[in-house]
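Visitor: Dumping the structure here so I can ask a few things about it.
The values are calculated or read from the model by the stated rules, or taken from the named source; none is laboratory data. Just so you know, these numbers come straight off a predicted model, no measurement behind them. Here the Cβ is made from the backbone with ideal geometry for all residues, glycine too, and neighbour counts use every protein chain on show. SASA here: full protein model, heavy atoms, side chains in, ligands and nucleic acids out. Shrake-Rupley method; radii C 1.70, N 1.55, O 1.52, S 1.80 Å.
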Amino acid sequence: MKVIILKLLAMWLYLAALVGLYFLRRWYRERQTVDNLTERYVFITGCDSGFGNQLARQLDIQGMRVLAACFTQKGAEQLEKATSERLKTTILDVTSTESVEAATTWVKGCVGNKGLWGLVNNAGIGSPAAPDDWLTKDDFAKVINVNLLGVIDVTLHMLPLVKKARGRVVNVASVMGRLACFGGGYCPAKYGVEAFSDNLRRQLHHFGVWVSIVEPGSFITDIAKIAVEDFKNIWSQVPCNIKESYGQQYFETLYRFFQQMIKKGSHNICLVTNCMEHALTSCHPRTRYSAGWDAKLFYIPLSYCPTSVADYVLTCFMSKPAQAL
């Protein structure tokens, strides 16, 4: 019996040593950074606020040459005031191919023969978001046009410049691209970003281009706040028969739940932008980055569970409609 126990103990110690060596090797590799960062150009979309704004400031401090795309002139002016002369801004609407083409021409003029080291597809919206039968096709299209088709359009236009530099593409998805938790176009769009990024990574591997996906959990940004406030407007426009089937109490309970999610979200958006920065500057970037403890400990582990388990856990947080069976 003692011999068996000793063998089992030796086996577990051996496995623990292997795991420890694996993480030690990964830690060492991921600390190695790319040379000549101050000569490399990075183009970031959605820099008016939130993750994009913080990343632009962060990379500017590191001395990189940041090309920041903002949706509004006001956002561009505020970012320019808060950063060095190295950072340049342009106006971009990712839903307009004409705007994307103009931004691509502008980037070509900025980078010259060096190419574009980093493309960060960060621009996104979160609203309209509500139970699917409260929404219309146009509500879905509004989000998908920005969060998925905008990512695809910008990427396709910028790829020749990224391939020239043998650079990086960083696409901002979400834990909602791994585990759909509410209705509307947000989750389908983020699932699409995951699929597009995976396929793109495999295609561009032979050209020396690396594609990383960042999957944030719940963070307090303007996108989240606007989505919660728009939820009221959506309910006010829902047809009477659908309102009756769900009931006012269902709406109020769901609205309070969304408010609590926002309040419990993290204020430290650097958890996300640090992932983006690592994907751009590390010699050995990761394929996926999860940002936030809720992403690491709840959403992503739950996404690997059997569907019945995930359904049960998620529906436990939801109230029942008035006419539920």
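Visitor: If you roll a 1.4 angstrom probe over the protein chains with everything in place, what fraction of the accessible area of segment 80-149 belongs to carbon and sulfur, to the nearest %?
Guide: Values: 1680 of 3370 Å².
Carbon-and-sulfur percentage of accessible area, whole number: 50.
Visitor: Build a GNM of the chain with springs between Cα atoms under 10 Å: which of THR95, THR105, THR45 gets the top mean-square fluctuation?
Guide: Sorting by GNM fluctuation, first place goes to THR105.
Visitor: Please compute the per residue accessible area over segment 160-222 with all protein chains in place, 1.4 Å probe, rounded to a whole number of Å². It would help to have the intermediate numbers written out before the result.
Guide: Details: 2230 Å² over 63 residues.
Result: 35 Å² per residue.
Visitor: Using a probe of 1.4 angstrom, how much of the accessible area of segment 164-289 is carbon and sulfur, in percent?
Guide: On the way: 3060 of 5690 Å².
Carbon and sulfur atoms account for 54 percent of the accessible area of segment 164-289.
Visitor: Would you mind calculating the gained length between PHE298 and LYS81 on full extension (0.36 nm times residue separation, minus the Cα-Cα distance), in nm to one decimal? Display every interim value, and only then the final one.
Guide: Numbers: separation 217, 0.36 × 217 = 78.12 nm, distance 3.89 nm.
This chain segment gains 74.2 nm when fully extended.
Visitor: Quote the charge dipole size of segment 49-179 about the Cα centre in Debye, to the nearest 20; the model charges only the Cβ of Lys and Arg (+1) and of Asp and Glu (-1). Please report the intermediate quantities before stating the final value.
Guide: Working: 15 positive and 12 negative charges, 167 e Å.
So the magnitude is around 800 debye.
Visitor: Explain nothing, just the number: relative contact order of segment 62-173, from Cα pairs under 8 Å at least 6 residues apart, as a whole percent. Numbers along the way, then the final one.
Guide: Numbers: 125 pairs, mean separation 32.2, N = 112.
The normalised contact order for segment 62-173 reaches 29 percent.
Visitor: Would you mind telling me the antiparallel percentage of the DSSP bridges in the chain, rounded to 5? Mind showing how you got there, number by number?
Guide: Details: 1 of 26 bridges.
Bridges in the chain are about 5 percent antiparallel.
Visitor: Also, I was wondering about something else. As a check on your grasp of the helix formula, calculate [θ] at 222 nm for the chain: sum -39500 (n - 2.57) over DSSP H runs of n ≥ 4, divide by the residue count, round to the nearest 500. Can you show the working numbers first?
Guide: Numbers: 13 runs with 172 residues, N = 325.
About -17000 deg cm²/dmol.
Visitor: Considering only protein heavy atoms, what per residue accessible area in square angstrom results for segment 15-60 with a 1.4 angstrom probe?
Guide: Values: 2630 Å² over 46 residues.
Here the per-residue accessible area is 57 Å².
Visitor: Hey, another quick one. Show which lysines lie in cross-link reach of LYS263 when reach means a straight Cα distance below 22 angstrom and same-chain residues fewer than eight apart are skipped.
Guide: Those lysines meeting the cut-off are LYS225, LYS232, LYS296.
Visitor: I've got another one for you. For segment 19-54, run through the chymotrypsin sites (Phe, Trp or Tyr not before Pro) and keep only the ones in DSSP coil with at most 12 other Cβ atoms within 10 Å of their Cβ. Provide the component values of the computation, followed by the final result.
Guide: Values: sites: TYR22, PHE23, TRP27, TYR28, TYR41, PHE43, PHE51; in loops: none.
Qualifying residues, ordered by number: none.
Visitor: Normalised by the number of residues in the chain, what is the relative contact order in percent for Cα pairs under 8 Å and 6+ residues apart?
Guide: Numbers: 527 pairs, mean separation 58.6, N = 325.
Across the chain, relative contact order equals 18 percent.
Visitor: If each residue of separation counts as 0.36 nm, what is the full-extension length gain between LEU325 and MET11 once their alpha-carbon separation is subtracted?
Guide: Numbers: separation 314, 0.36 × 314 = 113.04 nm, distance 5.26 nm.
Gain in length upon complete extension: 107.8 nm.
Visitor: Between ARG202 and LEU21, what is the spin-label point distance in nm, taking each point 7 Å from the Cα along the Cα→C-beta axis?
Guide: 3.1 nm
Visitor: Assign unit charges at the C-beta atoms only (+1 for Lys and Arg, -1 for Asp and Glu), then state the dipole size of the chain relative to its Cα centre in Debye, rounded to the nearest 20. Please list the in-between numbers first.
Guide: Numbers: 35 positive and 27 negative charges, 303 e Å.
Rounded to the nearest 20 debye, it is 1460 debye.
Visitor: Beta carbons within 10 angstrom, averaged per residue: use that to sort the peptides 227-239, 144-156, highest first. Don't skip to the answer; put the middle values down first.
Guide: Numbers: 227-239: 15.2, 144-156: 21.1.
Result, highest mean Cβ count within 10 Å first: 144-156, 227-239.
Visitor: Report, in whole Å, the centroid distance computed from the Cα atoms of segment 305-325 and segment 148-164.
Guide: Result: 38 Å between the Cα centres.
Visitor: Between VAL3 and GLU101, 0.36 nm times their residue separation minus their Cα-Cα distance comes to what? Working shown, then result.
Guide: Details: separation 98, 0.36 × 98 = 35.28 nm, distance 7.10 nm.
Gain on stretching VAL3 to GLU101: 28.2 nm.
Visitor: Then there's this: Using a Förster distance of 51 angstrom, determine the FRET efficiency expected from the C-beta separation of VAL34 and VAL309, and round it to 0.05.
Guide: Efficiency for this residue pair is about 0.80.
Visitor: To the nearest Å, what is the center-to-center distance of segment 34-75 and segment 238-285, using C-alpha atoms only?
Guide: 24 Å
Visitor: What lysines does LYS114 reach when the alpha-carbon gap must be under 22 Å and sequence neighbours fewer than 8 apart in one chain are set aside?
Guide: LYS88, LYS163, LYS164
Visitor: Still on this structure, please answer the following. Cβ neighbours within 10 Å, averaged per peptide: list 309-317, 163-171, 110-118 in order, most packed at the top. Write out the running numbers ahead of the final one.
Guide: Numbers: 309-317: 11.6, 163-171: 21.6, 110-118: 17.7.
Top of the packing list down: 163-171, 110-118, 309-317.
Visitor: Okay, next question. Pull out a ≥ b ≥ c, the square roots of the eigenvalues of the alpha-carbon gyration tensor of the chain, then state rounded if a/c is under 1.5, prolate if not and a/b is larger than b/c, and oblate in the remaining case. Show your work: numbers first, answer last.
Guide: Details: a/c = 2.07, a/b = 1.07, b/c = 1.93.
Cα axes put the chain in the oblate bin.
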